[in-house]
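Participant: What follows is a structure written as structure tokens; I'll ask about it next.
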Amino acid sequence: MKPMNVKKKISLALAAILCMSVLATGCKKTDEDTSGLTEATVSMSEPTQMTTTEETTETTTEETTEETTEETTEATTESETSASTSSATTAASTSKEWSETELSEVMYTTQACYSRIKPIIGSQTVDQYSKGTKVEVVAATDTGYYKIADGSFIHSDYLTEEKPSSATTTTTAASTTTEATTTTKTSSSGTSVVSTSYNIDYTTRYGYKTLTKSQQTLYGNIVEAAEKLETKVSVPSGLLTEDVIKVYLMVFNQEPQLFWLSRTIPSYGSTITLTYEYSESEIKSIQSNIDSTVKSILSTANQYTSTVSKLKVFYDWIIKNNEFSKSESADTCSIKNGLTAGGYLQCNGYSKSFQYLCDLAGIESMVIIGTNPEGASHSWNVVYCDNGYYNIDPTWGDPTNDHDANYVRYNWFLVPDSWITNDHINVNLYFKKNGSTIKLFDPPACTKTACNYFKAYNKEYDNLDDAVQGMYSELASAIKAGKNVAEIRVTTSSMWDTLLSDSYAKAFQKYAKEQGNVSKLSRQKTYSDGVLVVQYDIFYN
């Protein structure tokens, strides 16, 4: 698939039209949450949680006029509003061209609708589609329409990635399915153990390729012994203590299928002695549960053709079915809890579970260790998606505050290095007890942005007028659905500051209250400025 480099979903003209419609009716385009999965919330990071500064916008009665209360929402000036509307109206009346960004996605119509010859409201119709019709989307326009395979256009309001229970198949080929299966391997002693047959050759791992020949030999010896539950592993001559530690840690982190491998780094001489966290019978039972869960997750992921959508399915499932734990154990630091339909996890468990699913789907992924700004250990993933490598952090997608159970945070979903340099630090450094460090490997540079959640799902804005209208639209949609969060991404820190300023916060809150049972909004600010996500939490009466 080619990169989904979608600059924005709604042009200035359409933003004005949507804004006026939303202000009048409180309705909005189709909800963005397209994974089709049931949702549940968990936590955000390591034992030392990422600090969030929340500015609560307190509410009073409509008659209150003190500047310290949120009901002074009228602080947004008439001139700002009229200028935005005037500008948008002018653009709508003069714009005759549109731009397209190529992508490849399977989507479904949310209701009966028409395709049009041009991506313009009122354009000549082409075909009529019934609700639930499956279409192949080949491009997104900056006028709010998607281009489908026959060259016509359907408005984004009428398309969603979520497959209806009774969808009609039309264009697009079926995606290749991948299922987790099990095979029995026999050790040299005749003891059989269960291992997943997902055909991942450890010699293809990015980290493995960075090792010396002797280190690669040790890596292979450890993997092959662990697969058979053998305990003695020979160490190639010439390797130092630091080499053994480095290689063992890389196997522990990069081979998530070996969930029984001990978290304790073994001592060594000419051989090292491996220890395991579970017995053979326990491993078989755990693996059976994992296989059952993974089969269901992959079945959902295989409904989508794009890599971004598949990764979102994995990310959402792990976050919604697990909860962050401060307890470090074999269960919480592996796929044992992460992929058995619910459990408590440390960040290593989140990242390994994500990598395991990527492995089965044939998507290149690796686990990266480091620390957060408070110095607590942390773990996340680097994954290859369409046009390059990206960082993705399932742990921090799992907030530990009072959001509703359906909320997943996408601030760190497929992001470049430049966005997270302040909060994902000491990359792939292992800290020994004496304070010295061992570098595991340098991960590939993550420089792309096309697959980022907010860009791919048309929630990124590069000018203030569009961003303001986008925020109103997200608020309307969230309130209509009873959600507790409305968020967009902007491309400059100045826009981020502006949209979270007092005047805009008051205007957004006034609008939110007009939609229904809303008591207040609160602004969410973190020190992760690089992601530039404008987030408002919604509280109901």
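The numbers here are math on the coordinates, done by the rules we state, and not lab data. Since the structure is predicted, the reported quantities are computational estimates derived from the model, not experimental observations. Cβ atoms come from the backbone with ideal geometry, glycine included; neighbour counts cover every protein chain shown.
Participant: May I ask you to derive the FRET efficiency for E280 and L249 from their Cβ-Cβ distance with R0 = 22 Å, giving the value to the nearest 0.05?
Facilitator: After rounding, the FRET efficiency stands at 0.35.
Participant: Residue separation times 0.36 nm, minus the C-alpha to C-alpha distance between T421 and Y540: what's the value?
Facilitator: Values: separation 119, 0.36 × 119 = 42.84 nm, distance 3.56 nm.
Difference between extended and current length: 39.3 nm.
Participant: Please report the spacing between the Cα centers of region 210-228 and region 257-328 in Å, no decimals.
Facilitator: 20 Å
Participant: Ranked from highest to lowest mean number of other Cβ atoms within 10 Å per residue, what is the order of the peptides 444-454, 251-261? Write down the numbers at each step before the final one.
Facilitator: Numbers: 444-454: 20.4, 251-261: 23.5.
Ranked by mean Cβ neighbours within 10 Å, highest first: 251-261, 444-454.
Participant: Further question on the same structure: Give the long-range amide H neighbours of N428: residues separated by 5 or more places, or on another chain, with amide H under 5 Å away, using H modelled in the peptide plane at 1.01 Å from N.
Facilitator: Those lying under 5 Å, H to H, from N428 are I369, G370.
Participant: Quick check on my link table: of K134/K284; K284/K483; K320/K459; K312/K432; K312/K506, which ones sit more than 31 Å apart, alpha carbon to alpha carbon?
Facilitator: Checking Cα-Cα distances, K134/K284; K284/K483; K312/K432; K312/K506 exceed 31 Å.
Participant: Mind checking the full-extension length gain between T125 and K209? Use 0.36 nm per residue of separation minus the Cα-Cα distance, one decimal, nm. Can you show the working numbers first?
Facilitator: Details: separation 84, 0.36 × 84 = 30.24 nm, distance 5.44 nm.
Extending this stretch completely gives an extra 24.8 nm.
Participant: Rg and Dmax of region 359-514, using alpha carbons, in Å: what are they?
Facilitator: In order Rg, Dmax, the Cα atoms of region 359-514 give 18.2, 59 Å.
Participant: Report, by chain and number, residues whose modeled amide H sits under 5 Å from the one on V126, excluding near sequence neighbours (fewer than 5 apart, same chain).
Facilitator: Residues meeting the criterion, in which the H sits 1.01 Å from N, are S115, R116, I117.
Participant: Within 15 Å, Cβ to Cβ, of I245, how many net charges do the neighbouring residues add up to if Lys/Arg are +1 and Asp/Glu are -1?
Facilitator: On the way: positive: K246, R263, K432, K433, K439; negative: E242, D243.
The answer is +3.
Participant: Sequence-distant or interchain residues sharing an amide H contact under 5 Å with D404, placed H: which?
Facilitator: When sequence neighbours closer than 5 places are left aside, the close amide H contacts are N484.
Participant: Further question on the same structure: I'd like to compare 501-511, 417-427, 311-321: which one has the highest average count of other Cβ atoms within 10 Å, and what's the full order after that?
Facilitator: Working: 501-511: 20.3, 417-427: 17.5, 311-321: 26.0.
Result, highest mean first: 311-321, 501-511, 417-427.
Participant: Per 0.36 nm of contour for each residue apart, how much would the distance between D404 and E97 grow if the chain were fully extended, relative to their Cα-Cα spacing? List each step's numbers first, then the result.
Facilitator: Values: separation 307, 0.36 × 307 = 110.52 nm, distance 4.12 nm.
The D404-E97 span can extend by a further 106.4 nm.
Participant: Related question: Tell me the trypsin sites (Lys or Arg not before Pro) within region 399-440 that lie in a loop according to DSSP and have at most 15 other beta-carbon atoms within 10 Å. Walk me through the numbers before you get to the answer.
Facilitator: Values: sites: R409, K432, K433, K439; in loops: R409, K432, K433.
Filter output for region 399-440: K432, K433.
Participant: May I ask you to evaluate 6.51 cos²θ - 1.76 cosθ + 1.60, the Karplus curve with θ = phi - 60°, for each residue of region 228-235 and list the ³J(HN,Hα) values in order in whole Hz, giving x for glycine and proline?
Facilitator: Result, rounded to whole Hz: 9, 6, 7, 9, 9, 10, 6, 10.
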